[in-house]
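Student: The following block contains the structure, expressed as structure tokens.
We did not get these values from a lab; they are worked out from the coordinates using the rules stated. Just so we're clear, the structure is a prediction, and the values are computed from it rather than from any experiment. Using ideal geometry, Cβ is built from the backbone for each residue, glycine included, and neighbour counts are taken over all protein chains shown.
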There are 2 protein chains.
Amino acid sequence: MTSLNENLMAEPETGRVFIALVHYPVYNKRREVIASALTTIDIHDLARLAMTYGAEGFFLVTPLEDQAELARKMLEHWLEGWGSSYNNDRAESMRRVVVAGDLKEVEERILEKTGRRPVVVATAAGDGPGRSSYFDVGPVVRRGEPVLILFGTAWGLTREVLEKSDYILAPVKGPTGYNHLSVRSAAGIVLDRLFGERN
Amino acid sequence: MTSLNENLMAEPETGRVFIALVHYPVYNKRREVIASALTTIDIHDLARLAMTYGAEGFFLVTPLEDQAELARKMLEHWLEGWGSSYNNDRAESMRRVVVAGDLKEVEERILEKTGRRPVVVATAAGDGPGRSSYFDVGPVVRRGEPVLILFGTAWGLTREVLEKSDYILAPVKGPTGYNHLSVRSAAGIVLDRLFGERN
């Protein structure tokens, strides 16, 4: 399945935005650092979001080889198997998915493809130090340099990942105090705030 | 389980926004009118979106009694069973969920609760006649009258439902032509555009 990833990397450049769904390192409910399991519905939803908002690559980050293998089998089904003819829109979105072992690999692949290290923008459900507003980060991610937006699974990206990022986006909030959104919903809201066209 | 629904209806009023996830009438892939199956992950995601954006009720619309029964069992698990102590944030969001047989019943329950028929705003993934912009619909839904926002499952709300609504929101678009989003992602984006606080 390396061929699929190489295939993606050889595609004409359609943008400079990349997203990553991070399964390690993230917290569990007790704030221990874990590697979470892949969720196929998250992969489909974020792949379709990547298509919609013009992200040229969607990295699935997991260091677990059995999980990576599962992801590759899923991609194969959608790109070459029965899924590719059943639902072409979905198959199309899956072409942007790349499996990567860790965030370092993701950054290196973006460097390889674009010639530059990406500006890394982390997202977080909670308040905390160093959060940046959408008004500040929006112009940065739209100026055409390579950008990598990180979404955490489980109970969120670890403090180390947040601290190493160039920006940490302020949490998505509505008019209430509640902000326990699924990563599927939150990723859509974040990408729409950064790249959506109000109409 | 009627008690749960009545319980919800007797709660203090926290807003005038209601959302509905419609399983009938919707189209299937061949544009036939069907009743789609419930998806538990959609229920969780939209319940959490309802909490985040201050919707006081989230109606699950299905005419199929076995599906309604399934939904009630799921609610019972989260509201009274093991789920209620395992994950309180999730349980809290499930308190807003009400099972309804059809859209007429939804509108009647809102009338009963608020004393007014809601302004009905349908959403659609496709372009078509009569679409309204977010600039037009935003002020309408924020002026405090009861509002019901409809989200379709499967291949979307039928033309009849769209035509009977007061407004049809223009489809969510990013900078690309692709707009095949999951209802989980799309509902988040729509609610954030209407009620989110830019920060």
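Student: Can you list, shortest first in nanometers, how far B:Gly126 lies from the same residue in the other copies, with each label 7 Å from Cα toward Cβ?
Tutor: Computed spacing set for this position: 4.5 nm.
Student: Specify the longest stretch of chain A that does not include any exposed loop site, a site being one of the GluC sites (Glu not before Pro) with a non-H, G, I, E, B DSSP assignment and at most 16 other Cβ atoms within 10 Å.
Tutor: A:81-196
Student: Just to be sure I follow the definition: excluding the sites themselves, where is the longest run in chain B that has none of the trypsin sites (Lys or Arg not before Pro) in a DSSP loop with at most 14 other Cβ atoms within 10 Å?
Tutor: On the way: sites that count: B:Lys29, B:Arg30, B:Arg31, B:Arg116, B:Arg142, B:Arg143, B:Arg198.
So the longest stretch without any such site is B:32-115.
Student: If you don't mind, there's one more thing I want to ask. Pick from A:Pro63, A:Pro171, A:Pro139 the residue whose mean-square fluctuation is largest in a GNM of chain A, springs joining Cα atoms under 10 Å.
Tutor: Answer for the Gaussian network model of chain A: A:Pro139.
Student: Please report, in Å, the Rg and the Dmax of the protein assembly as shown, where both are computed over Cα atoms only.
Tutor: 20.8, 61
Student: Which value in deg cm²/dmol, rounded to the nearest 500, describes the helix-derived mean residue ellipticity at 222 nm for the protein assembly as shown, given -39,500 (n - 2.57) per DSSP H run of n ≥ 4 and division by the residue count?
Tutor: -12500 deg cm²/dmol
Student: Which residues among segment A:185-199 fall inside the zone where the amide N is under 19 Å from a point 7 Å beyond the Cα of A:Arg116, along Cα→Cβ?
Tutor: A:194-195
Student: Further, regarding this structure: Build a GNM of chain B with springs between Cα atoms under 10 Å: which of B:Thr52, B:Thr40, B:Thr158 gets the top mean-square fluctuation?
Tutor: Taking springs between Cα atoms under 10 Å, the residue moving most is B:Thr40.
Student: To continue, here is another question. Let me know the shape class of segment A:31-107, please: from the alpha-carbon gyration tensor, a ≥ b ≥ c as square roots of the eigenvalues, rounded when a/c is under 1.5, otherwise prolate if a/b is greater than b/c, or oblate.
Tutor: Prolate.
Student: Of B:Phe18, B:Phe135, how do they rank once you tally other Cβ atoms within 10 Å and put the fewest first?
Tutor: B:Phe135, B:Phe18
Student: OK, next. Which value, in debye to the nearest 20, describes the size of the charge dipole of segment A:2-193 about its Cα centre when Lys and Arg Cβ atoms bear +1, Asp and Glu Cβ atoms bear -1, and nothing else is charged?
Tutor: Dipole about the Cα centre, nearest 20: 620 debye.
Student: Next up: In nm, what does the list of distances from A:Ala37 to its counterparts in the other copies look like, shortest first, when each label sits 7 Å along Cα to Cβ?
Tutor: 1.9
Student: So the label point sits 7 Å from Cα along the Cα-to-Cβ vector; using that for B:Gly177, what distances do you get to the other copies, in nanometres, sorted shortest first?
Tutor: Between copies, matching label points for B:Gly177 lie 4.8 nm apart.
Student: Let me ask another. Which one, A:Leu181, A:Leu150, A:Leu169, has the greatest fluctuation when you compute a Gaussian network model over chain A with C-alpha springs under 10 angstrom?
Tutor: Checking each option, the largest mean-square fluctuation is seen for A:Leu181.
Student: Continuing with this model, one more query. For chain A, find the longest principal axis of its Cα atoms and tell me its angle to the long axis of helix A:40-52, 0 to 90°, nearest 10.
Tutor: It is inclined by approximately 80 degrees.
Student: Let me ask another. So what is the relative contact order of chain A, in percent, for Cα pairs below 8 Å that sit 6 or more residues apart?
Tutor: Relative contact order here is 28 percent.
Student: Okay, moving on. Compute the semi-axes of the equivalent ellipsoid of segment A:2-193, taking the square root of 5 times each eigenvalue of the Cα gyration tensor, and list them largest first in whole Å.
Tutor: Ellipsoid half-lengths, sorted descending, are 25, 19, 16 Å.
Student: Right, here's the next one. If I fit a long axis through the Cα atoms of helix B:103-114 and take the longest principal axis of the Cα atoms of chain B, what angle between them do I get, 0 to 90°, rounded to 10?
Tutor: The angle comes out at about 70 degrees.
Student: Enter the Cα centre distance for the pair segment B:75-129 and segment A:130-194, rounded to the nearest angstrom.
Tutor: Using only Cα atoms, the two centres lie 28 Å from each other.
Student: Please figure out what share of the DSSP beta bridges in segment B:2-195 is antiparallel and state it in percent, rounded to the nearest 5.
Tutor: Around 10 percent of the beta bridges assigned by DSSP in segment B:2-195 are antiparallel ones.
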